[in-house]
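> Just dropping this structure here.
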Number of protein chains: 2
Amino acid sequence: MTEQGSRLDPWKQSYAQRTAGMTASEIRALFAVASRPEVVSLAGGMPYLSALPMDTVAETVQRMLATEGLTALQYGSGQGDPRLREQILEVMALEGISAHPDDIVVTTGSQQALDLVTRIFIDPGDVVLAEAPSYVGALGVFSAYQADVVHVASDADGLVPHALEETIQALQAQGRRIKFLYSVPNFHNPAGVTLSLERRPQVLDICQRHGILVLEDNPYGLLGFDREPYPAMRAASEEGVVYLGSFSKTFAPGLRVGWALAPHAVREKLVLASESAILCPSAYAQMTVSTYLATSDWRAQIKVYRELYRERRDAMVDALTAQLPQARWTHPDGGFYVWLTLPEGVNAKAMLPRAVTERVAYVPGTAFFADGTGHQHVRLSYCYPDPDRIREGVRRFAGVVQAELELLETFGPYDASVTSDTSAARVQFPSPDLS
Amino acid sequence: MTEQGSRLDPWKQSYAQRTAGMTASEIRALFAVASRPEVVSLAGGMPYLSALPMDTVAETVQRMLATEGLTALQYGSGQGDPRLREQILEVMALEGISAHPDDIVVTTGSQQALDLVTRIFIDPGDVVLAEAPSYVGALGVFSAYQADVVHVASDADGLVPHALEETIQALQAQGRRIKFLYSVPNFHNPAGVTLSLERRPQVLDICQRHGILVLEDNPYGLLGFDREPYPAMRAASEEGVVYLGSFSKTFAPGLRVGWALAPHAVREKLVLASESAILCPSAYAQMTVSTYLATSDWRAQIKVYRELYRERRDAMVDALTAQLPQARWTHPDGGFYVWLTLPEGVNAKAMLPRAVTERVAYVPGTAFFADGTGHQHVRLSYCYPDPDRIREGVRRFAGVVQAELELLETFGPYDASVTSDTSAARVQFPSPDLS
């Protein structure tokens, strides 16, 4: 088979075109480093599961298996457990959504829902609109299906409606085919901002006028610190929105249980796509979630999480205020992330190896843009380390930034072209073929 | 959005091209009918989980969560739990495979492994070779990625090597790009046959000479009734084979835990594709399997399954011999399925509504061909109903066939063009655009 390619990969010539776009993300490369115990990781988005009543969960599962094990361990429906789909309606009702359980598809985490929606809508070269910045895992999916991601400006109130309108008009004038707007309206990953109440109908109206579907991704919506959740965009538009939800942040991610709520005809396609991808989601994981929802006070557990994360948000914001006055950052009122803008001239990607040496990890902003920008930004997460660790992490981080500033003062601004060469081997990010 | 499409589906004009190939399979349409208690289902491939020691499983999981819950409920590695990957080596050693755990990717059932392999190798129009007949779930995946499936003759000893050679030569003469051979070598679904020891190196050699990857799908390999497992093709070729395994038939399918063992460079692509599709497989499900393997006598459990299924195979074959001498069928020495050839002129797909009326369900052979053939064949599964139900099911099935034969005698042969029209609404199958 040597005629097929190099000795290292005999199948090199056999891959599909889409496979060229599959490269490791910065977050992935970081996980290996950040998991060393001496490193304070402000990089990951892992929920703090020590806040779960683990013994209760264990007993719940034991009872579920003993009474319903034959169903839980068997193949199930491609669309997902009917009982769980009914319970998901209760969860979504907290954000004003009214729906029918027939329009829900349970997925292997909401990441699979992202994959399925992209699979049924995207031909290579189609455009996906996304906030600037946008969730790295979604950008990876869009890249894997050879979509062109076009970012739309976002500020402290989330996606900017007039920027959305202008971007759509410019793309349509070029004859581009825009398939959907991907948006994380609540406690944005990574931006830490929330789409304001005023802007929600404006965004919906713009998309509806231009025949563009809204893909509303809402893993953090119930994790607000200061107020009741805003109504989801899906609450105002049944036909114009595919809504994605997840139990990863409100219960536990290791179960891999998420869902999509879609207009009926789209839901049918999603089920067929999911059956092709995995036959059916795990009945075992779904019934674990279902039994947990039925037998525990899950709303109280979400409140526990909220208070925990609020305390950590405060620890991070206070530490940044005290130690990094040269930078700017968003002030999240929910979710897991602060989005930080470094002082002029400091390059987050180039600085990362030094930060790891100083035993602190973060995700450079470049991970959250499909177009190679974002060098001046950093995502800091406060969900997993306790407040003391957060303060220590910010202290180390501020020291690294300070050292970069001193270097800048001595040697002048950083040459980005050099970075790309030297750091490419260790940190890569999918670079969709943007036009 | 009405300008976008019909009132029924406002997004009708927005779907990707691949979505046109996603239609419900015959097995899916059947599941709804076959699950009614008065119907004897010889249709599904559900393992008989009552043979599992459910209380032991429940206690195992309870203990696992109480001691390792923080890991089991958290995000995990995209490639899969390292401990489970070590244990998978022990499972594969039973079929002569020696490998490194780094070359294993854990997937959401082996269906996801099929999806990932197809995703990284198939561009629209590429050719996949598959046995005639072939597994319906794999055909669905190939269709979803717009592959052209070309069937290769199979007989009582499995795939026919000289037919493989001739098919490859003919396709290559046409300039077609053949990406891989998809094969279920052991206790084939649906054919019930096993690739003979003599043919295994021949198949490998042919594929290697032509630079074609072998995708060896082996969910049933450890469920042989009469002998030790044959060595897997992967045991003889590390670089030429991607091997797929599953715990769905040897333990339980509701966990959705399968795996791919691939040449190293291919494995890297599979992990990236899986991270894009689901971020990571469920740590919870993986650690459930891992704890089960570590604390139970899983080899003894497989023996329990084997003896159970052998008894059911005997019940089915004996009942067919007694009641349906007009038909022919394969004699499986493992797995779940008998592949039956109806008497000349009887159409399995056209006969299905009558069979359901007579309270017996099966899968018509057309489900297992990408090219619309297979009307004279039926897949009968003996895995789930007990022997008395199997005998009753075969009795009903034989009665339906007998009635069809009497109709044939009175009215002459069946007009296939009429069937396609009248049955299309209830039973559809993906029809890849075959050239």
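A short reminder: the numbers here are calculations on the coordinates, not readings from a lab. Just so you know, these numbers come straight off a predicted model, no measurement behind them. Cβ placement follows ideal geometry from the backbone for every residue including glycine, while neighbour counts extend to all protein chains displayed.
> Can you compute the equivalent ellipsoid semi-axes for segment B:340-414, i.e. the square root of 5 times each eigenvalue of the Cα gyration tensor, sorted largest first and rounded to whole Å? Don't jump to the answer; show the numbers that get you there.
Working: eigenvalues 84, 55, 16 Å².
Working through the eigenvalues yields semi-axes of 21, 17, 9 Å.
> With the dipole of segment B:1-153 worked out from charges on the C-beta (+1 for Lys and Arg, -1 for Asp and Glu) around the Cα centre, which of B:Ala24, B:His151, B:Val141 lies farthest toward the positive end?
So the residue furthest toward the plus end is B:Ala24.
> Calculate the dipole size of segment A:68-295 relative to its Cα centre from +1 charges on Lys and Arg beta carbons and -1 charges on Asp and Glu beta carbons; express the result in debye to the nearest 20.
In debye, rounded to 20, segment A:68-295 gives about 340.
> If you don't mind, there's one more thing I want to ask. Residues with amide H under 5 Å of B:Phe180's amide H, sequence separation 5 or more or different chain, H placed in the peptide plane at 1.01 Å from N; which?
Residues meeting the criterion, in which the H sits 1.01 Å from N, are B:Leu129.
> Beyond a 20 Å Cα-Cα separation, which of these cross-linked pairs lie in this structure: A:Lys12/A:Lys349; A:Lys269/B:Lys269; A:Lys179/B:Lys269; A:Lys249/B:Lys269; A:Lys12/B:Lys269?
A:Lys12/A:Lys349; A:Lys269/B:Lys269; A:Lys179/B:Lys269; A:Lys249/B:Lys269
> Place +1 on the Cβ of every Lys and Arg and -1 on the Cβ of every Asp and Glu in the protein assembly as shown, take the dipole about the Cα centre, and give the residue among B:Phe180, A:Val242, B:Pro10 whose Cα lies farthest towards its positive end.
Comparing the listed Cα positions along the dipole, A:Val242 ranks first.
> Could you work out how much longer the chain between B:Thr341 and B:Ser196 gets when fully extended? Use 0.36 nm per residue separation minus the Cα distance between them, nm to one decimal.
Gain in length upon complete extension: 50.0 nm.
> Oh, and also: Report, in deg cm²/dmol and to the nearest 500, the calculated mean residue ellipticity at 222 nm for chain B, where each DSSP H run with n ≥ 4 adds -39500 (n - 2.57) and the sum is divided by the residue count.
Estimated from H runs of four or more residues: -13500 deg cm²/dmol.
> Also: Just to confirm the numbers: A:Glu392, label point 7 angstrom along the Cα-Cβ line, distances to the other copies in nm, shortest first?
6.7
> What are the nm distances, shortest first, from B:Leu197 to its equivalents in the other copies, labels at 7 Å along Cα→Cβ?
7.7
> Is the shape of segment A:114-186 rounded, prolate or oblate, going by the alpha carbon gyration tensor and its root eigenvalues a ≥ b ≥ c, with a/c under 1.5 for rounded and a/b larger than b/c for prolate? Walk me through the numbers on the way to the answer.
Details: a/c = 2.30, a/b = 1.18, b/c = 1.96.
Taking the square roots of the gyration eigenvalues as a ≥ b ≥ c, segment A:114-186 is oblate.
> Also: Based on the alpha-carbon gyration tensor of segment A:200-344 and its eigenvalue square roots a ≥ b ≥ c, which shape applies: rounded if a/c is under 1.5, prolate if not and a/b is larger than b/c, or oblate?
It is oblate, given that a/c is not under 1.5 and a/b is not larger than b/c.
> What gaps in nm, shortest first, separate B:Glu166 from its twins in the other copies when you place the label 7 Å past Cα toward the beta carbon?
6.7
> Then there's this: Could you give the length gained on full extension between A:Glu392 and A:Leu407, defined as 0.36 nm per residue of separation minus the Cα-Cα distance, in nm?
3.1 nm
> Per 0.36 nm of contour for each residue apart, how much would the distance between A:Thr23 and A:Glu307 grow if the chain were fully extended, relative to their Cα-Cα spacing?
Full-extension gain reported as 98.5 nm.
> Can you sort B:His264, B:His162, B:His377, A:His375 from fewest to most other Cβ atoms within 10 Å of each residue's own Cβ?
With the sparsest Cβ surroundings first, the list reads B:His162, B:His264, A:His375, B:His377.
> So, one more: Given the rotation relating B and A, tell me which residue in B puts its Cβ closest to the axis and the distance in Å.
So the closest residue, with its distance, comes out as B:Gln62, 2.
> Still on this model: So how far apart, in nm, are the two label points at A:Arg176 and B:Thr71 if each is 7 Å from Cα heading toward Cβ?
4.5
> Can you give me the relative contact order of chain A as a percent, contacts being Cα pairs under 8 Å and 6 or more apart?
Relative contact order, chain A: 24 percent.
> Say each of A:His162 and B:Thr373 gets a label point 7 Å from the Cα, pointing the same way as Cα to Cβ; how far apart are those two points in nm?
6.6
> On to the next question. Set Lys and Arg Cβ to +1 and Asp and Glu Cβ to -1, take the dipole of segment A:301-358 about its Cα centre, and tell me which of A:Thr341, A:Tyr309, A:Pro325 lies farthest positive.
Positive-most Cα among the choices belongs to A:Tyr309.
> Set the Förster radius R0 to 22 Å, insert the Cβ-Cβ distance between B:Ser98 and B:Phe225 as r into 1/(1 + (r/R0)^6), and round the FRET efficiency to 0.05.
0.25
> Based on alpha-carbon centroids, what's the gap between segment B:248-270 and segment B:315-365 in Å, whole number please?
32
> With r defined as the distance between the Cβ atoms of B:Arg359 and B:Asp318 and R0 fixed at 22 Å, what FRET efficiency is calculated, to the nearest 0.05?
Plugging the Cβ-Cβ distance into 1/(1 + (r/R0)^6) gives 0.60.
> Using only alpha carbon pairs under 8 Å that are at least six residues apart, calculate the relative contact order of segment B:183-257 and give it in whole percent.
30
> Take every Cα pair under 8 Å in segment A:1-155 that's 6+ residues apart, average their separations, divide by the length, and report that relative contact order as a whole percent.
19
> Under a plain spin-label model, where a point goes 7 Å from the Cα along Cα-to-Cβ, how far apart in nm are A:Ser296 and A:Thr56?
Each label point lies 7 Å from its Cα, and together they span 0.7 nm.
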